[in-house]
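The values are calculated or read from the model by the stated rules, or taken from the named source; none is laboratory data. Remember, it's a predicted structure, so these values are computed and weren't measured experimentally. Please note: Cβ atoms are built from the backbone with ideal geometry, for glycine as well, and neighbour counts cover all protein chains shown. Surface areas here come from the heavy atoms of the whole protein model, side chains and all, with no ligands, DNA or RNA. Shrake-Rupley method; radii C 1.70, N 1.55, O 1.52, S 1.80 Å.
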Amino acid sequence: MTTHDTSSQILFLSPLHVGTGNKTSIERIREHMPKNTCQLANTADFNDREQFLEFIKTHNIQAVVGLHAYRAGRLLTDCPVPYGIILGGTDVNEFWKDPDKLVVMTTAIKSARFLVAFCKPMYDQTLKLWPDVKDRLYQQHHAAVTEPSSFDFHDYLYKRCKIEHKSHIFLLIAGLRQVKDPLYIAQAFSEWHTKHNNAHLVILGPDLGSEFADKVKSTVSNLPGVHLVPALPQPDAHAAISQSFALINTSLSEGMSQAILEAMVLEVPVLARDIVGNTAIVKHDSNGLVFDTPQEFIKQAERLMASEHLCKHLVKNAKEYVRLEHSIEKERETYTNLVSLLQC
């Protein structure tokens, strides 16, 4: 949590696990506001609503922008100041299936002055769950902003994993969570690696300390050509993307993948699993490649490695798509206007 400030403040409330899309998104959105009027807080720092309400009082919070209808929403019930909710992805795609979590989200959403969905599938799913929010529901794509550092990813991989510098790196950025399904293509990739030993799958992301994370680590340790590295600071992660051959997404569910958009900006080809959150932004054979089985992934990866023309075609279209649909200026305008709804 940020330090105490006696001036009137807007609180940006979100899960803030290092290396996750929620953290990247809320930090970027907060940058659209004057710095001296904002605070940032981690939903995980509050044990219950009472602790959160005390924070509201002692820090002179006048409005809240929460990201994730459940993780932020559980704290916003009976919130004494106006608030809006940015939908995170897993809330409307997965958490609604749990009846208790659905009750929490419904209660929080009922009093929100605005709701934001990142893409049309999220927008439609939100209306399906809560039809009466249509007049308060907005659609705003993620903006895509990259600032690569001078980090040498190939040198890092050689020292850490003994991957030769001229290898083709297929980079999967994902927290070690079931919804990200980081092992989806791992076995197939390892088998492919035996024939193409210059191709390596690197899973980059935070270990969130779960049994599932332990399973990922144990499995990867027995798969040649598949490697696991911890989350990097965002500028270094951008450098890692820019030095990779391709960016991969294997999620079971997505709101809108920030890593996919960043790869598009950095002119790195994208291979994405065929789920609605991904196909909302990745169009097969136009600005990326889509797969629906591990075997189909291998087929598309081989196409990509065999054709420099295909690589150039995909990255050119992807960069233009992001320029047209994911501008920082449009995002700034939207959130500036929405925050003003909390101040009247």
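Key figures
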read-out: Odd one out for H154 among (1) of a type outside the set (D, E, K, R); (2) open to solvent by 20 Å² or more (accessible area, probe 1.4 Å); (3) under 20 Å from H238 (Cα atoms); (4) in a loop (DSSP other than H, G, I, E, B); value: (4)
read-out: Single residue of region 166-186 satisfying the filter (modelled with pLDDT under 95 and not in a loop (DSSP other than H, G, I, E, B)) that is farthest from the chain's Cα centre (by Cα); value: Q178
read-out: Residue that is assigned to a helix (DSSP H, G or I), surrounded by fewer than 15 Cβ atoms within 10 Å (Cβ to Cβ) and modelled with pLDDT under 95, where the choices are D124, D100; value: D124
read-out: So F52, is it over 18 Å from F118 (Cα atoms) and surrounded by 22 or more Cβ atoms within 10 Å (Cβ to Cβ); value: yes
read-out: Residue check for I163: assigned to a helix (DSSP H, G or I) and in contact (Cβ under 8 Å) with a residue 40 or more places away in the chain; value: no
read-out: Every residue from region 163-179 that is closer than 11 Å to I248 by Cβ and open to solvent by 10 Å² or more (accessible area, probe 1.4 Å); value: I173
read-out: R160 being farther than 21 Å from L304 by Cα, of a type outside the set (S, T, N, Q) and open to solvent by 60 Å² or more (accessible area, probe 1.4 Å); value: yes
read-out: Region 80-91, residues that are in contact (Cβ under 8 Å) with a residue 60 or more places away in the chain and either over 23 Å from Q343 (Cβ atoms) or within 16 Å of the chain's Cα centre (by Cα) (or both); value: I86, L87, G88, G89, T90
read-out: Unmet criterion (only one of (1) surrounded by fewer than 16 Cβ atoms within 10 Å (Cβ to Cβ); (2) touching a strand residue (DSSP E or B) at 6+ places or on another chain (Cβ under 7 Å)) for T58; value: (2)
read-out: Test result for S244, within 20 Å of the chain's Cα centre (by Cα), over 30 Å from T126 (Cβ atoms), buried (at least 17 other Cβ atoms within 10 Å of the Cβ) and of a type in the set (S, T, Y); value: yes
read-out: When residues of region 127-139 are limited to those that are open to solvent by 10 Å² or more (accessible area, probe 1.4 Å) and in a helix (DSSP H, G or I), the one nearest to L341 (Cα to Cα); value: R136
read-out: Qualifying positions in region 268-303 - farther than 29 Å from I328 by Cβ and open to solvent by less than 20 Å² (accessible area, probe 1.4 Å); value: F291, F297, Q300, A301
read-out: Failed item, numbered, when V265 is tested on (1) touching a helix residue (DSSP H, G or I) at 6+ places or on another chain (Cβ under 9 Å); (2) open to solvent by 50 Å² or more (accessible area, probe 1.4 Å); (3) β-branched (V, I, T); value: (2)
read-out: Near pairs, Cβ below 8 angstrom, 6+ apart or cross-chain, from region 233-254 (within 18 Å of Y156 (Cβ to Cβ) and among the aromatic types (F, W, Y)) to any residue that is open to solvent by 10 Å² or more (accessible area, probe 1.4 Å) and in a helix (DSSP H, G or I); value: F245/M305
read-out: Residue identified as closer than 26 Å to Q258 by Cβ, modelled with pLDDT of 95 or more and not in a helix (DSSP H, G or I) among G66, G88; value: G66
read-out: Residue satisfying all of: in region 61-79; without any contact (Cβ under 8 Å) to a residue 60 or more places away in the chain and open to solvent by 10 Å² or more (accessible area, probe 1.4 Å); nearest to P15 (Cα to Cα) among these; value: R71
read-out: Among (1) in contact with a Leu (Cβ under 9 Å, 6 or more places away or on another chain); (2) surrounded by 20 or more Cβ atoms within 10 Å (Cβ to Cβ); (3) not aliphatic (A, V, I, L, M), the one test that G89 misses; value: (1)
read-out: Scan of region 28-63 for residues that are under 24 Å from A144 (Cα atoms) and not in a helix (DSSP H, G or I), ordered by number; value: E31, H32, M33, P34, C38, Q39, L40, A41, N42
read-out: Whichever residue in region 184-203 is without any contact (Cβ under 8 Å) to a residue 60 or more places away in the chain and within 24 Å of D274 (Cβ to Cβ) and, among such residues, is most open to solvent (accessible area, probe 1.4 Å); value: E191
